[in-house]
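To start, the structure under review is shown below, and the notes come after it.
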Amino acid sequence: MAASTKYFFSASSESEPTTMRYPLIPVLLLAVLLLSFGWYQGNFQNLLRHFLHTCLAPNTNLLLNESTLPPKTELQVEVDAIFDNIEKLIPNVSFTFFNQTTNGKNSKISIVNPRETYCVGDDFVVQVDMFDHLGNRKTYGGDFLRPRLVSAALGASVSGTVEDLKNGSYHVHFPFYWAGKVNVNILLFYPSEGVAALWRSRHSSQGVIGFEGKYEKFGAEAITKCAFRLSEEDGKEICEYKDPLYEEVFHCYKVPNFTCESLNEMRGYDLQMSYLTPVEQQIFQRSNIGVQLPQISPIMVAQCNTTFNDPKPKCQPGMSSPVPSGYYYNQIWSPLYCNMTVYTTAENFTNCLQGKKLFLIGDSTLRQFIMHFTEGIKIVKYFRYHYKGWAGWSWTLEAMNMEKDIYVSYKRHGFPLEHSAFYYVKEDLYTSRQIDQRGGGKDTIFIITMGQHFRQFPLKIFIQRAINIRKALERLFLRSPATKVIIKTENTRETFAPAERRGDFHGYTQYLVLKEVFQGINVGFVDAWDMTVASATASVHPPGYTFANILSLSFTFAC
(Lines give C-alpha, C1' and ligand atoms only; values in the text may rest on other atoms or scores of the structure.)
Protein backbone atom coordinates (compact mmCIF):
# COMPACT_ATOMS: atom_id res chain seq x y z
CA MET A 1 0.00 0.00 0.00
CA ALA A 2 2.79 2.39 0.87
CA ALA A 3 4.55 1.73 -2.39
CA SER A 4 1.33 2.14 -4.37
CA THR A 5 0.61 5.42 -2.68
CA LYS A 6 4.09 6.68 -3.37
CA TYR A 7 3.84 5.74 -7.12
CA PHE A 8 0.50 7.55 -7.44
CA PHE A 9 1.81 10.88 -6.14
CA SER A 10 5.04 10.71 -8.07
CA ALA A 11 3.20 9.90 -11.27
CA SER A 12 0.72 12.73 -10.94
CA SER A 13 3.41 15.22 -10.16
CA GLU A 14 5.81 14.29 -12.94
CA SER A 15 3.45 13.70 -15.91
CA GLU A 16 1.01 16.12 -17.57
CA PRO A 17 -2.31 16.89 -15.76
CA THR A 18 -5.07 14.32 -16.19
CA THR A 19 -7.56 16.96 -17.41
CA MET A 20 -5.31 17.78 -20.34
CA ARG A 21 -4.95 14.12 -21.31
CA TYR A 22 -8.73 13.54 -21.04
CA PRO A 23 -10.46 16.88 -21.93
CA LEU A 24 -14.00 15.40 -21.89
CA ILE A 25 -13.92 14.43 -18.22
CA PRO A 26 -14.92 17.89 -16.82
CA VAL A 27 -17.78 18.12 -19.29
CA LEU A 28 -19.12 14.71 -18.29
CA LEU A 29 -18.89 15.51 -14.55
CA LEU A 30 -20.80 18.79 -15.05
CA ALA A 31 -23.53 16.99 -17.02
CA VAL A 32 -23.96 14.37 -14.28
CA LEU A 33 -24.20 17.10 -11.63
CA LEU A 34 -26.91 19.01 -13.54
CA LEU A 35 -28.95 15.87 -14.20
CA SER A 36 -28.69 14.86 -10.54
CA PHE A 37 -29.76 18.30 -9.39
CA GLY A 38 -32.77 18.22 -11.69
CA TRP A 39 -33.78 14.76 -10.57
CA TYR A 40 -33.40 15.53 -6.84
CA GLN A 41 -34.40 19.18 -7.02
CA GLY A 42 -37.49 18.66 -4.89
CA ASN A 43 -35.62 16.69 -2.28
CA PHE A 44 -32.76 19.20 -2.23
CA GLN A 45 -35.15 22.13 -1.71
CA ASN A 46 -36.93 20.27 1.07
CA LEU A 47 -33.61 19.50 2.76
CA LEU A 48 -32.49 23.13 2.48
CA ARG A 49 -35.85 24.36 3.80
CA HIS A 50 -35.62 21.98 6.77
CA PHE A 51 -32.05 23.08 7.51
CA LEU A 52 -32.93 26.78 7.53
CA HIS A 53 -36.04 26.18 9.58
CA THR A 54 -34.10 24.16 12.14
CA CYS A 55 -31.30 26.69 12.49
CA LEU A 56 -33.26 29.93 12.32
CA ALA A 57 -36.65 29.14 13.84
CA PRO A 58 -37.12 29.49 17.63
CA ASN A 59 -36.50 26.29 19.59
CA THR A 60 -40.05 25.76 20.75
CA ASN A 61 -39.14 22.58 22.61
CA LEU A 62 -36.53 24.47 24.63
CA LEU A 63 -38.99 27.26 25.38
CA LEU A 64 -41.55 24.70 26.38
CA ASN A 65 -39.10 22.97 28.72
CA GLU A 66 -38.11 26.26 30.35
CA SER A 67 -41.71 27.30 30.86
CA THR A 68 -42.65 23.95 32.35
CA LEU A 69 -39.76 23.69 34.81
CA PRO A 70 -41.07 22.87 38.29
CA PRO A 71 -41.22 25.83 40.66
CA LYS A 72 -38.46 26.17 43.21
CA THR A 73 -39.09 24.52 46.52
CA GLU A 74 -39.17 26.53 49.73
CA LEU A 75 -35.71 25.17 50.54
CA GLN A 76 -34.28 26.25 47.18
CA VAL A 77 -35.71 29.75 47.57
CA GLU A 78 -34.10 30.12 50.99
CA VAL A 79 -30.78 28.79 49.70
CA ASP A 80 -30.81 31.28 46.82
CA ALA A 81 -31.62 34.21 49.14
CA ILE A 82 -28.68 33.50 51.45
CA PHE A 83 -26.36 32.88 48.50
CA ASP A 84 -27.36 36.20 46.92
CA ASN A 85 -26.59 38.05 50.17
CA ILE A 86 -23.12 36.52 50.32
CA GLU A 87 -22.45 37.19 46.64
CA LYS A 88 -23.10 40.90 47.19
CA LEU A 89 -19.96 40.98 49.35
CA ILE A 90 -17.75 39.64 46.55
CA PRO A 91 -15.79 42.26 44.57
CA ASN A 92 -16.52 42.35 40.85
CA VAL A 93 -13.02 43.05 39.61
CA SER A 94 -10.72 41.82 36.87
CA PHE A 95 -7.09 42.43 35.98
CA THR A 96 -4.59 41.68 33.25
CA PHE A 97 -1.24 41.68 35.00
CA PHE A 98 -0.20 40.46 38.44
CA ASN A 99 1.37 43.80 39.32
CA GLN A 100 -2.09 45.40 39.14
CA THR A 101 -3.20 43.44 42.20
CA THR A 102 -3.06 44.66 45.79
CA ASN A 103 0.37 44.60 47.40
CA GLY A 104 0.22 44.47 51.18
CA LYS A 105 3.78 45.69 51.62
CA ASN A 106 2.97 48.89 49.72
CA SER A 107 -0.05 49.67 51.90
CA LYS A 108 -0.15 52.56 54.34
CA ILE A 109 -1.62 52.48 57.84
CA SER A 110 -2.56 55.51 59.90
CA ILE A 111 -4.51 56.12 63.10
CA VAL A 112 -7.90 57.78 62.72
CA ASN A 113 -8.32 60.67 65.19
CA PRO A 114 -5.16 59.94 67.19
CA ARG A 115 -5.15 60.78 70.91
CA GLU A 116 -2.55 61.31 73.57
CA THR A 117 -4.28 58.86 75.91
CA TYR A 118 -6.19 55.69 75.19
CA CYS A 119 -8.40 54.00 77.75
CA VAL A 120 -9.89 50.57 78.18
CA GLY A 121 -13.28 50.61 76.47
CA ASP A 122 -12.25 53.05 73.72
CA ASP A 123 -12.86 52.21 70.08
CA PHE A 124 -9.50 52.40 68.32
CA VAL A 125 -9.65 52.88 64.53
CA VAL A 126 -6.87 52.63 61.98
CA GLN A 127 -7.11 53.43 58.28
CA VAL A 128 -5.55 51.14 55.71
CA ASP A 129 -4.87 52.56 52.23
CA MET A 130 -4.06 49.97 49.58
CA PHE A 131 -1.69 50.18 46.61
CA ASP A 132 -0.79 47.76 43.84
CA HIS A 133 2.66 46.34 43.08
CA LEU A 134 3.47 49.37 40.89
CA GLY A 135 2.69 51.79 43.69
CA ASN A 136 -0.63 52.94 42.23
CA ARG A 137 -3.44 53.75 44.64
CA LYS A 138 -6.22 51.16 44.61
CA THR A 139 -9.65 52.60 43.81
CA TYR A 140 -11.89 49.72 44.90
CA GLY A 141 -12.22 47.45 47.92
CA GLY A 142 -12.82 43.77 48.50
CA ASP A 143 -9.44 42.78 49.96
CA PHE A 144 -9.57 39.92 52.48
CA LEU A 145 -7.92 41.30 55.61
CA ARG A 146 -7.24 39.57 58.91
CA PRO A 147 -6.67 42.14 61.70
CA ARG A 148 -5.74 41.55 65.36
CA LEU A 149 -4.72 43.48 68.45
CA VAL A 150 -2.06 41.60 70.40
CA SER A 151 -0.34 41.91 73.79
CA ALA A 152 1.86 38.83 73.77
CA ALA A 153 3.22 39.37 77.28
CA LEU A 154 -0.34 39.35 78.65
CA GLY A 155 -1.57 36.41 76.58
CA ALA A 156 -4.14 38.86 75.19
CA SER A 157 -5.53 39.25 71.69
CA VAL A 158 -8.72 40.17 69.85
CA SER A 159 -9.82 40.28 66.22
CA GLY A 160 -10.65 43.56 64.50
CA THR A 161 -13.70 44.50 62.45
CA VAL A 162 -13.10 45.68 58.89
CA GLU A 163 -15.17 48.48 57.37
CA ASP A 164 -14.68 48.52 53.59
CA LEU A 165 -14.92 52.09 52.25
CA LYS A 166 -15.13 50.70 48.68
CA ASN A 167 -12.40 53.02 47.39
CA GLY A 168 -9.22 51.14 48.26
CA SER A 169 -9.30 52.29 51.89
CA TYR A 170 -10.53 50.50 55.01
CA HIS A 171 -11.31 51.43 58.58
CA VAL A 172 -10.37 48.68 61.00
CA HIS A 173 -12.08 48.92 64.38
CA PHE A 174 -10.42 47.56 67.51
CA PRO A 175 -12.05 47.83 70.94
CA PHE A 176 -9.60 48.09 73.83
CA TYR A 177 -10.47 45.37 76.33
CA TRP A 178 -7.33 45.40 78.49
CA ALA A 179 -4.68 47.82 79.72
CA GLY A 180 -1.05 47.65 78.61
CA LYS A 181 1.04 47.84 75.46
CA VAL A 182 -0.81 46.57 72.40
CA ASN A 183 0.35 45.94 68.86
CA VAL A 184 -1.72 46.25 65.70
CA ASN A 185 -1.28 43.26 63.41
CA ILE A 186 -3.02 43.22 60.02
CA LEU A 187 -2.54 40.60 57.31
CA LEU A 188 -3.56 40.92 53.69
CA PHE A 189 -4.70 37.34 53.35
CA TYR A 190 -5.91 37.62 49.74
CA PRO A 191 -6.16 40.71 47.51
CA SER A 192 -9.56 41.65 46.11
CA GLU A 193 -8.54 40.24 42.72
CA GLY A 194 -7.84 36.91 44.41
CA VAL A 195 -11.17 36.98 46.25
CA ALA A 196 -13.04 37.50 42.97
CA ALA A 197 -11.03 34.73 41.30
CA LEU A 198 -11.68 32.26 44.12
CA TRP A 199 -15.39 32.98 44.08
CA ARG A 200 -15.58 32.47 40.31
CA SER A 201 -13.48 29.32 40.50
CA ARG A 202 -15.61 27.83 43.27
CA HIS A 203 -18.74 28.19 41.17
CA SER A 204 -17.25 27.18 37.81
CA SER A 205 -17.75 23.47 38.42
CA GLN A 206 -19.11 20.94 40.89
CA GLY A 207 -15.84 21.18 42.78
CA VAL A 208 -12.15 20.37 42.52
CA ILE A 209 -12.59 17.05 44.34
CA GLY A 210 -13.76 13.96 42.49
CA PHE A 211 -15.40 10.86 43.96
CA GLU A 212 -15.31 7.17 43.23
CA GLY A 213 -17.76 4.57 44.46
CA LYS A 214 -16.92 0.92 45.01
CA TYR A 215 -19.69 -1.55 44.22
CA GLU A 216 -19.55 -5.03 45.74
CA LYS A 217 -21.58 -8.17 45.03
CA PHE A 218 -20.83 -11.79 45.98
CA GLY A 219 -17.14 -10.96 46.40
CA ALA A 220 -16.84 -9.10 43.09
CA GLU A 221 -15.88 -5.42 43.08
CA ALA A 222 -16.15 -2.57 40.59
CA ILE A 223 -15.27 1.11 40.83
CA THR A 224 -17.16 3.94 39.13
CA LYS A 225 -17.35 7.72 39.08
CA CYS A 226 -19.64 9.56 41.51
CA ALA A 227 -20.55 13.23 41.96
CA PHE A 228 -23.30 15.56 43.10
CA ARG A 229 -24.43 15.61 39.47
CA LEU A 230 -23.39 13.49 36.50
CA SER A 231 -23.91 14.16 32.81
CA GLU A 232 -25.60 11.53 30.70
CA GLU A 233 -23.21 9.42 28.65
CA ASP A 234 -24.07 6.90 25.95
CA GLY A 235 -24.63 3.45 27.34
CA LYS A 236 -24.32 4.51 30.99
CA GLU A 237 -27.12 4.41 33.52
CA ILE A 238 -27.01 6.70 36.55
CA CYS A 239 -27.78 5.65 40.12
CA GLU A 240 -29.39 8.39 42.21
CA TYR A 241 -28.91 8.43 45.98
CA LYS A 242 -31.46 10.90 47.25
CA ASP A 243 -32.88 11.81 50.61
CA PRO A 244 -36.20 13.33 49.49
CA LEU A 245 -37.01 14.97 52.83
CA TYR A 246 -33.85 17.08 52.75
CA GLU A 247 -33.46 17.28 48.95
CA GLU A 248 -29.91 15.99 49.36
CA VAL A 249 -28.64 13.90 46.45
CA PHE A 250 -25.55 12.52 44.79
CA HIS A 251 -25.10 10.18 41.82
CA CYS A 252 -22.86 7.39 40.56
CA TYR A 253 -22.57 5.80 37.14
CA LYS A 254 -24.18 2.37 37.42
CA VAL A 255 -21.81 -0.54 36.99
CA PRO A 256 -23.06 -3.28 34.64
CA ASN A 257 -24.25 -6.37 36.49
CA PHE A 258 -24.35 -4.48 39.80
CA THR A 259 -27.44 -2.98 41.40
CA CYS A 260 -27.46 0.61 42.64
CA GLU A 261 -27.93 -0.77 46.15
CA SER A 262 -24.55 -2.50 46.02
CA LEU A 263 -22.62 0.78 46.50
CA ASN A 264 -20.52 -0.02 49.55
CA GLU A 265 -17.56 2.36 49.79
CA MET A 266 -16.51 5.77 48.52
CA ARG A 267 -13.44 7.90 48.35
CA GLY A 268 -12.57 11.45 47.36
CA TYR A 269 -9.54 12.42 45.34
CA ASP A 270 -7.90 15.55 44.01
CA LEU A 271 -8.91 16.14 40.40
CA GLN A 272 -5.69 18.13 39.86
CA MET A 273 -7.78 20.78 38.13
CA SER A 274 -7.75 24.53 38.46
CA TYR A 275 -10.24 27.10 37.24
CA LEU A 276 -7.81 29.93 37.86
CA THR A 277 -5.92 31.56 35.02
CA PRO A 278 -2.10 31.44 35.11
CA VAL A 279 -1.90 35.08 36.20
CA GLU A 280 -4.49 34.46 38.94
CA GLN A 281 -2.47 31.52 40.21
CA GLN A 282 0.42 33.89 40.92
CA ILE A 283 -1.72 35.54 43.59
CA PHE A 284 -1.86 32.30 45.57
CA GLN A 285 1.83 31.53 45.69
CA ARG A 286 2.84 31.05 49.31
CA SER A 287 4.78 34.33 49.53
CA ASN A 288 1.68 36.30 48.46
CA ILE A 289 -0.70 34.85 51.08
CA GLY A 290 -1.08 36.36 54.54
CA VAL A 291 1.24 39.28 53.83
CA GLN A 292 2.03 41.41 56.90
CA LEU A 293 1.03 45.05 56.40
CA PRO A 294 3.41 47.76 57.63
CA GLN A 295 3.11 48.12 61.38
CA ILE A 296 2.53 51.21 63.47
CA SER A 297 4.15 51.87 66.83
CA PRO A 298 2.69 50.04 69.84
CA ILE A 299 -0.19 51.77 71.63
CA MET A 300 -0.24 52.23 75.41
CA VAL A 301 -3.69 51.68 76.85
CA ALA A 302 -4.51 52.86 80.38
CA GLN A 303 -7.20 51.60 82.73
CA CYS A 304 -8.48 55.18 83.25
CA ASN A 305 -10.74 54.01 86.11
CA THR A 306 -12.89 52.34 83.50
CA THR A 307 -15.12 49.60 84.84
CA PHE A 308 -15.29 47.24 81.92
CA ASN A 309 -15.97 43.95 83.64
CA ASP A 310 -19.68 44.44 84.27
CA PRO A 311 -21.52 41.34 85.52
CA LYS A 312 -22.56 39.08 82.64
CA PRO A 313 -24.94 36.12 82.68
CA LYS A 314 -23.67 32.58 82.25
CA CYS A 315 -23.43 31.52 78.62
CA GLN A 316 -26.73 29.93 77.62
CA PRO A 317 -28.15 28.57 74.36
CA GLY A 318 -30.10 31.16 72.40
CA MET A 319 -27.72 34.04 73.08
CA SER A 320 -26.66 36.14 70.11
CA SER A 321 -22.94 36.15 69.32
CA PRO A 322 -21.57 39.59 68.27
CA VAL A 323 -18.46 40.39 66.19
CA PRO A 324 -15.94 40.18 67.68
CA SER A 325 -17.45 37.61 69.99
CA GLY A 326 -14.77 37.85 72.67
CA TYR A 327 -11.07 38.21 73.42
CA TYR A 328 -8.20 36.37 75.08
CA TYR A 329 -6.57 37.50 78.29
CA ASN A 330 -4.05 35.29 80.07
CA GLN A 331 -4.86 32.88 77.24
CA ILE A 332 -8.41 32.52 78.57
CA TRP A 333 -11.33 33.35 76.27
CA SER A 334 -13.73 36.00 77.55
CA PRO A 335 -16.98 36.14 75.56
CA LEU A 336 -18.33 39.68 75.35
CA TYR A 337 -21.92 38.68 76.06
CA CYS A 338 -21.69 35.99 78.75
CA ASN A 339 -19.50 34.31 81.37
CA MET A 340 -17.64 31.19 80.30
CA THR A 341 -16.78 28.42 82.75
CA VAL A 342 -13.17 27.30 82.39
CA TYR A 343 -12.93 23.52 82.02
CA THR A 344 -9.41 22.25 82.67
CA THR A 345 -9.52 19.03 84.66
CA ALA A 346 -11.00 15.59 84.23
CA GLU A 347 -13.21 16.32 87.21
CA ASN A 348 -14.63 19.45 85.53
CA PHE A 349 -15.73 17.49 82.46
CA THR A 350 -16.94 14.47 84.44
CA ASN A 351 -19.20 16.66 86.58
CA CYS A 352 -20.62 18.20 83.41
CA LEU A 353 -21.20 14.93 81.53
CA GLN A 354 -22.25 12.61 84.33
CA GLY A 355 -25.53 10.90 83.43
CA LYS A 356 -25.53 12.39 79.93
CA LYS A 357 -25.27 11.31 76.30
CA LEU A 358 -23.02 13.42 74.09
CA PHE A 359 -23.36 13.18 70.30
CA LEU A 360 -20.53 14.75 68.30
CA ILE A 361 -21.54 15.10 64.64
CA GLY A 362 -19.24 16.60 62.03
CA ASP A 363 -15.62 16.33 61.01
CA SER A 364 -12.23 15.70 62.59
CA THR A 365 -12.32 19.00 64.50
CA LEU A 366 -14.97 17.31 66.66
CA ARG A 367 -13.14 14.00 66.70
CA GLN A 368 -10.57 16.02 68.67
CA PHE A 369 -13.15 16.18 71.46
CA ILE A 370 -13.56 12.41 71.87
CA MET A 371 -9.79 11.93 71.53
CA HIS A 372 -9.32 14.42 74.38
CA PHE A 373 -11.81 12.58 76.58
CA THR A 374 -10.32 9.11 75.90
CA GLU A 375 -6.60 9.72 75.34
CA GLY A 376 -6.14 13.05 77.10
CA ILE A 377 -8.03 13.37 80.37
CA LYS A 378 -9.29 9.74 80.15
CA ILE A 379 -12.79 10.17 81.56
CA VAL A 380 -14.27 7.58 79.13
CA LYS A 381 -12.96 4.48 77.37
CA TYR A 382 -13.43 3.54 73.74
CA PHE A 383 -15.83 0.73 72.94
CA ARG A 384 -14.52 -1.68 70.28
CA TYR A 385 -11.80 0.73 69.13
CA HIS A 386 -8.28 -0.38 70.00
CA TYR A 387 -6.19 2.34 68.40
CA LYS A 388 -4.99 5.83 69.19
CA GLY A 389 -4.81 9.16 67.42
CA TRP A 390 -6.28 9.49 63.94
CA ALA A 391 -6.30 5.80 63.00
CA GLY A 392 -9.56 4.83 61.33
CA TRP A 393 -10.32 8.45 60.49
CA SER A 394 -13.74 7.67 59.03
CA TRP A 395 -15.02 5.34 61.73
CA THR A 396 -17.90 6.01 64.03
CA LEU A 397 -16.46 6.07 67.55
CA GLU A 398 -18.13 5.36 70.87
CA ALA A 399 -16.77 5.78 74.38
CA MET A 400 -18.29 5.19 77.81
CA ASN A 401 -17.83 5.55 81.53
CA MET A 402 -20.11 2.95 83.10
CA GLU A 403 -19.54 4.18 86.65
CA LYS A 404 -20.46 7.79 85.88
CA ASP A 405 -23.08 6.89 83.24
CA ILE A 406 -21.39 8.89 80.47
CA TYR A 407 -21.84 8.05 76.80
CA VAL A 408 -19.94 9.85 74.01
CA SER A 409 -20.17 9.15 70.28
CA TYR A 410 -18.52 10.71 67.25
CA LYS A 411 -19.96 10.33 63.76
CA ARG A 412 -19.06 12.11 60.54
CA HIS A 413 -21.55 14.41 58.80
CA GLY A 414 -21.92 12.32 55.66
CA PHE A 415 -21.22 13.06 52.01
CA PRO A 416 -19.06 14.88 50.96
CA LEU A 417 -15.90 13.70 52.72
CA GLU A 418 -12.46 14.42 51.31
CA HIS A 419 -10.15 11.45 51.76
CA SER A 420 -8.18 9.44 49.22
CA ALA A 421 -8.79 6.08 50.94
CA PHE A 422 -12.06 4.21 50.48
CA TYR A 423 -14.37 4.39 53.48
CA TYR A 424 -17.50 2.45 54.33
CA VAL A 425 -20.50 4.48 53.22
CA LYS A 426 -23.45 2.31 54.28
CA GLU A 427 -23.67 3.81 57.75
CA ASP A 428 -23.27 7.40 56.56
CA LEU A 429 -26.18 9.66 57.42
CA TYR A 430 -26.62 13.36 56.83
CA THR A 431 -26.46 15.38 60.06
CA SER A 432 -30.13 16.29 59.81
CA ARG A 433 -31.07 12.62 59.54
CA GLN A 434 -28.95 11.78 62.58
CA ILE A 435 -30.75 14.47 64.58
CA ASP A 436 -34.17 13.21 63.48
CA GLN A 437 -33.29 9.71 64.71
CA ARG A 438 -32.62 10.88 68.28
CA GLY A 439 -35.24 11.44 70.90
CA GLY A 440 -33.31 14.15 72.72
CA GLY A 441 -34.09 15.19 76.28
CA LYS A 442 -32.55 17.07 79.20
CA ASP A 443 -29.66 14.60 79.42
CA THR A 444 -28.81 14.75 75.71
CA ILE A 445 -26.18 17.05 74.19
CA PHE A 446 -25.47 17.56 70.50
CA ILE A 447 -22.33 19.35 69.32
CA ILE A 448 -22.41 19.88 65.56
CA THR A 449 -19.95 21.28 63.06
CA MET A 450 -19.23 21.20 59.35
CA GLY A 451 -17.21 23.21 56.88
CA GLN A 452 -13.73 21.90 56.10
CA HIS A 453 -15.00 19.19 53.71
CA PHE A 454 -17.29 21.65 51.89
CA ARG A 455 -14.73 24.28 50.89
CA GLN A 456 -14.06 22.45 47.61
CA PHE A 457 -17.65 22.73 46.33
CA PRO A 458 -20.15 25.46 45.34
CA LEU A 459 -21.45 27.38 48.35
CA LYS A 460 -25.11 26.48 47.76
CA ILE A 461 -24.35 22.88 48.76
CA PHE A 462 -23.15 24.11 52.16
CA ILE A 463 -26.07 26.52 52.57
CA GLN A 464 -28.61 23.78 51.90
CA ARG A 465 -26.95 21.46 54.40
CA ALA A 466 -26.95 24.18 57.08
CA ILE A 467 -30.65 24.96 56.53
CA ASN A 468 -31.54 21.28 56.73
CA ILE A 469 -29.72 21.01 60.05
CA ARG A 470 -31.60 24.01 61.41
CA LYS A 471 -34.93 22.51 60.36
CA ALA A 472 -34.03 19.19 62.00
CA LEU A 473 -33.17 21.08 65.19
CA GLU A 474 -36.50 22.90 65.09
CA ARG A 475 -38.21 19.50 64.99
CA LEU A 476 -36.00 18.29 67.83
CA PHE A 477 -36.92 21.26 70.03
CA LEU A 478 -40.63 20.65 69.40
CA ARG A 479 -40.42 17.11 70.79
CA SER A 480 -37.59 17.67 73.31
CA PRO A 481 -37.11 21.36 74.15
CA ALA A 482 -34.67 20.60 76.99
CA THR A 483 -32.08 19.10 74.61
CA LYS A 484 -28.80 21.06 74.57
CA VAL A 485 -27.41 21.83 71.11
CA ILE A 486 -24.13 23.57 70.34
CA ILE A 487 -23.14 24.73 66.85
CA LYS A 488 -19.37 25.06 66.45
CA THR A 489 -18.29 27.05 63.42
CA GLU A 490 -15.33 25.90 61.41
CA ASN A 491 -11.95 27.38 62.26
CA THR A 492 -9.05 28.82 60.31
CA ARG A 493 -6.47 26.43 58.95
CA GLU A 494 -2.96 26.27 57.52
CA THR A 495 -1.92 29.34 55.54
CA PHE A 496 -0.19 27.10 52.99
CA ALA A 497 -3.37 25.09 52.32
CA PRO A 498 -4.25 25.21 48.58
CA ALA A 499 -6.34 28.37 48.27
CA GLU A 500 -8.62 27.11 45.52
CA ARG A 501 -9.37 23.88 47.34
CA ARG A 502 -9.09 24.58 51.06
CA GLY A 503 -8.40 28.29 51.40
CA ASP A 504 -9.68 30.30 54.34
CA PHE A 505 -11.74 32.64 52.20
CA HIS A 506 -14.02 29.70 51.38
CA GLY A 507 -14.19 28.99 55.10
CA TYR A 508 -15.05 32.60 55.85
CA THR A 509 -18.05 32.63 53.52
CA GLN A 510 -19.29 29.41 55.16
CA TYR A 511 -18.82 31.02 58.57
CA LEU A 512 -21.06 33.89 57.47
CA VAL A 513 -23.67 31.34 56.34
CA LEU A 514 -23.72 29.65 59.76
CA LYS A 515 -24.13 32.98 61.55
CA GLU A 516 -27.10 33.76 59.32
CA VAL A 517 -28.77 30.35 59.43
CA PHE A 518 -28.56 29.73 63.19
CA GLN A 519 -29.53 33.15 64.50
CA GLY A 520 -32.72 33.22 66.55
CA ILE A 521 -32.68 29.49 67.36
CA ASN A 522 -32.05 28.00 70.81
CA VAL A 523 -28.48 26.80 70.28
CA GLY A 524 -25.15 27.65 71.81
CA PHE A 525 -23.02 29.27 69.13
CA VAL A 526 -19.28 28.62 69.49
CA ASP A 527 -17.55 31.12 67.23
CA ALA A 528 -14.45 29.02 66.59
CA TRP A 529 -13.65 31.21 63.57
CA ASP A 530 -13.28 34.33 65.70
CA MET A 531 -11.42 32.40 68.41
CA THR A 532 -8.85 31.07 65.94
CA VAL A 533 -8.44 34.42 64.16
CA ALA A 534 -7.80 36.11 67.54
CA SER A 535 -5.18 33.51 68.51
CA ALA A 536 -3.64 33.44 65.00
CA THR A 537 -4.18 29.68 64.79
CA ALA A 538 -3.02 28.26 61.46
CA SER A 539 -3.98 24.62 61.94
CA VAL A 540 -7.10 22.73 60.91
CA HIS A 541 -6.96 21.06 64.36
CA PRO A 542 -6.44 23.96 66.80
CA PRO A 543 -3.79 23.18 69.42
CA GLY A 544 -3.05 24.32 72.95
CA TYR A 545 -5.03 27.03 74.68
CA THR A 546 -7.18 27.71 71.60
CA PHE A 547 -8.57 24.16 71.64
CA ALA A 548 -8.94 24.29 75.43
CA ASN A 549 -11.09 27.42 75.17
CA ILE A 550 -13.23 25.96 72.37
CA LEU A 551 -13.91 23.04 74.71
CA SER A 552 -14.68 25.32 77.65
CA LEU A 553 -17.16 27.46 75.73
CA SER A 554 -18.86 24.40 74.23
CA PHE A 555 -19.47 22.77 77.60
CA THR A 556 -20.43 26.02 79.29
CA PHE A 557 -23.37 26.02 76.86
CA ALA A 558 -23.96 22.31 77.46
CA CYS A 559 -23.96 22.23 81.26
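Projected over all directions and averaged, the alpha-carbon convex hull of the chain occupies 41.1 nm².
For a protection proxy built on the mean count of beta-carbon atoms within 10 angstrom, sort 187-193, 442-448 highest first, please.
Values: 187-193: 24.4, 442-448: 20.6.
Put in order of decreasing packing, that is 187-193, 442-448.
Can you classify segment 314-373 as rounded, prolate or oblate using the Cα gyration tensor, where a ≥ b ≥ c are the square roots of its eigenvalues, rounded means a/c under 1.5, and otherwise it's prolate if a/b beats b/c and oblate if not? It would help to have the intermediate numbers written out before the result.
Values: a/c = 1.65, a/b = 1.50, b/c = 1.10.
In terms of gyration-tensor shape, prolate.
Annotation: extensible slack from Lys108 through His386 equals 94.5 nm (criterion: 0.36 nm per residue apart, minus Cα-Cα distance).
Keeping the other protein chains in place, figure out the carbon and sulfur percent of the accessible area of the chain, with a 1.4 Å probe.
Numbers: 15630 of 28100 Å².
Heavy-atom surface of the chain belonging to carbon and sulfur, 1.4 Å probe: 56 percent.
So, by mean Cβ neighbours within 10 angstrom, what's the order for 509-517, 237-245 with the highest one leading?
Values: 509-517: 20.8, 237-245: 13.4.
With the highest mean Cβ count within 10 Å placed first, the list reads 509-517, 237-245.
When each of the peptides 284-291, 384-391 is scored by how many other beta carbons lie within 10 Å of its residues on average, the order from highest to lowest is 284-291, 384-391.
What FRET efficiency comes out for the pair Gln292/Ser205, r = Cβ-Cβ distance, R0 = 30 Å, nearest 0.05? Intermediate values should be presented prior to the final figure.
Numbers: r = 33 Å, r/R0 = 1.11.
Calculated value: 0.35.
Were the residues from Gln331 through Glu240 laid out at 0.36 nm apart, the gain over their Cα-Cα distance would be 27.8 nm. Summed over the residues of the chain and divided among them, the accessible surface reaches 50 Å² per residue at a probe radius of 1.4 Å.
Computed from the C-beta positions of Gln519 and His171 and an R0 of 22 Å, the FRET efficiency is 0.30 to the nearest 0.05.
Placing dummy labels 7 Å off each Cα toward the beta-carbon, the span from Gln437 to Asp123 is 4.9 nm.
Using every pair of separate Cα atoms, the Kirkwood estimate puts the hydrodynamic radius of segment 102-229 at 18.1 angstrom. Residue pairs exceeding 18 angstrom between C-alpha atoms, taken from Lys460/Lys488; Lys214/Lys254; Lys72/Lys460; Lys88/Lys166; Lys357/Lys381: Lys460/Lys488.
Of the DSSP H helices in the chain, those with a Cα length along their own long axis of 30 Å or more and a mean Kyte-Doolittle hydropathy reaching -1.0 comprise 459-479. Only DSSP H runs of four or more residues enter the estimate; each adds -39500 (n - 2.57), and after division by the residues of the chain the mean residue ellipticity at 222 nm equals -9000 deg cm²/dmol.
Between Lys460 and Asn185, the simple spin-label model (points 7 angstrom out along Cα→Cβ) gives 4.0 nm. Hey, if you drop one equal point scatterer on each alpha-carbon of segment 410-527 and run the Debye formula without solvent, what base-10 log of I(q)/I(0) do you get at q = 0.14 Å⁻¹? Those come out to -0.61, one per q.
Applied to segment 484-496, the Karplus parametrisation 6.51 cos²θ - 1.76 cosθ + 1.60 on θ = phi - 60° returns per-residue 3J(HN,Hα) values of 8, 10, 10, 9, 9, 5, 6, 10, 5, 9, 4, 4, 7 Hz, with x for Gly and Pro.
Label-to-label distance for Ser420 and Tyr275 is 2.4 nm, based on points extended 7 Å past Cα in the beta-carbon direction.
Please report the relative contact order for the chain, taking Cα pairs under 8 Å with a sequence separation of at least 6, and give it as a percent rounded to a whole number. Walk me through the numbers before you get to the answer.
Numbers: 994 pairs, mean separation 81.6, N = 559.
Relative contact order for the chain comes out at 15 percent.
The values are calculated or read from the model by the stated rules, or taken from the named source; none is laboratory data. These figures come from a predicted structure and were not determined experimentally. FYI the Cβ positions are ideal-geometry reconstructions off the backbone, even for glycines, and counts take in every protein chain you see. The protein model used for the area step is the full one, side chains on, heavy atoms only, and it has no ligands, DNA or RNA in it. Shrake-Rupley method; radii C 1.70, N 1.55, O 1.52, S 1.80 Å.
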